[in-house]
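Report on the structure given below.
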Amino acid sequence: MPAPIGLTRRAAIAGTLAAAGVSAEELPPADVCTSRLRVVAATSDLASLVQAVGGPLVEVRTVAPPMADPESFEPRASDLALIASAALVVRIGLGYDHWLEKLLDRRGRSFCNRPAPVVDASSGIPLLEVVGRNPFSQDNHGHGIANPHYWLDPANARIMTATIGEAIANASESAREAVLQNCRRFLERLRRKMGTWTDTLSPFRGTALLAYHNSWPYFARRFRLNVVGFIEPREGVTPSVAHLAALLSQARENDVRAILQATHEPKQFSGTVAARLGIPLIHLAPGVGSVPEAGDYLALMDYNVNSLARALAKAH
């Protein structure tokens, strides 16, 4: 009796992955080619948008865990099996998920016996801090072609959603209309939320802020906030005493009202600066799942907007 086609493909890909040191036990279930479309997203933010658009038609897996820093994440051997199982891969791009290159270079073909398309969610995004240089620093950390934190502007999420929706529809033509309907439904929810978020932060337009890391320019532009300096002198570099002294002077000159701090970032230096200035240190969620309240993309933006508004209301 011939082996089921899913098992045949599983055996073929298992042989390929075995050469890369990945065991068969790490492979996904054998029915991945005959059920829902498997989409592998580089980050939890992308996974949330994929789920919003694909709904029950997709099975979404994430490479970088929600609490990890994707800029310094190191993929595991099992992530190769995950990428190899994908019918579609969605990435941040701009050098942010540079580690994904290692997996894409080694993935071979998907379980469905065809190359899995890779979607760059930055396509069509109006980018900030475009520098036009090599996207990879020597230590594989840092911003490259442009600032990559574009998903933190909900207006950019509209573009990302459309890009992802079209890619899923192309990968599953039989489900095209359902996917595009999901896309329209989510975009309408996002449109209504954007009005609420804008109203919530409108009293604080022009407020000067510091941030630990340069993660918030898109968020700040959308809500007309003014980030004037950073605790980190460069990405991943510990601030010196001289840098912190200059930052304190800059903050006083600009009437800085708060410091933005992502949940995974070290708090020692930010806390010291906040105490010296007598301003709040506001912990924001850099991505979906990085705090319990940010279970999906809309909840992520709810959490950040409301956390910032509450803290700034007390600081003004």
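What follows draws every value from the coordinates through simple rules; no lab data is involved. On a predicted model such as this, the values are computed, not experimentally measured, just so you know. For neighbour counting, all protein chains shown are included, and Cβ atoms are generated from backbone atoms with ideal geometry for every residue, glycine included.
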Quick one: Debye curve from the alpha-carbon atoms of the range 202-315 only, equal weights, vacuum; give me log10 I(q)/I(0) at q = 0.10, 0.18, 0.21, 0.23 Å⁻¹ to two decimals.
-0.27, -0.88, -1.19, -1.40
Can you put VAL130, VAL179 in order, fewest other beta carbons within 10 Å first?
VAL130, VAL179
Averaging sequence separations of C-alpha pairs under 8 Å and six or more residues apart, then dividing by the length of the range 202-315, give the relative contact order as a whole percent.
22
In nm, to one decimal, how far is the ALA313 label point from the ASN254 one, both placed 7 Å along Cα→Cβ?
2.6
Report the net charge of residues surrounding VAL273, where surrounding means a beta-carbon distance below 14 angstrom and charges are Lys +1, Arg +1, Asp -1, Glu -1.
+2
Going Cα to Cα from LYS193, which aspartates and glutamates come in below 18 Å? Please leave out same-chain ones fewer than 8 positions away.
ASP45, ASP153, GLU293, ASP296, ASP302
Let me spell out the model: positive unit charges on the Cβ of Lys and Arg, negative unit charges on the Cβ of Asp and Glu, origin at the Cα centre of the range 202-315. What dipole size does that give, in debye rounded to 20?
360
Given a Förster radius of 51 Å and the C-beta distance between THR272 and GLN181 as r, what FRET efficiency does 1/(1 + (r/R0)^6) yield to the nearest 0.05?
0.50
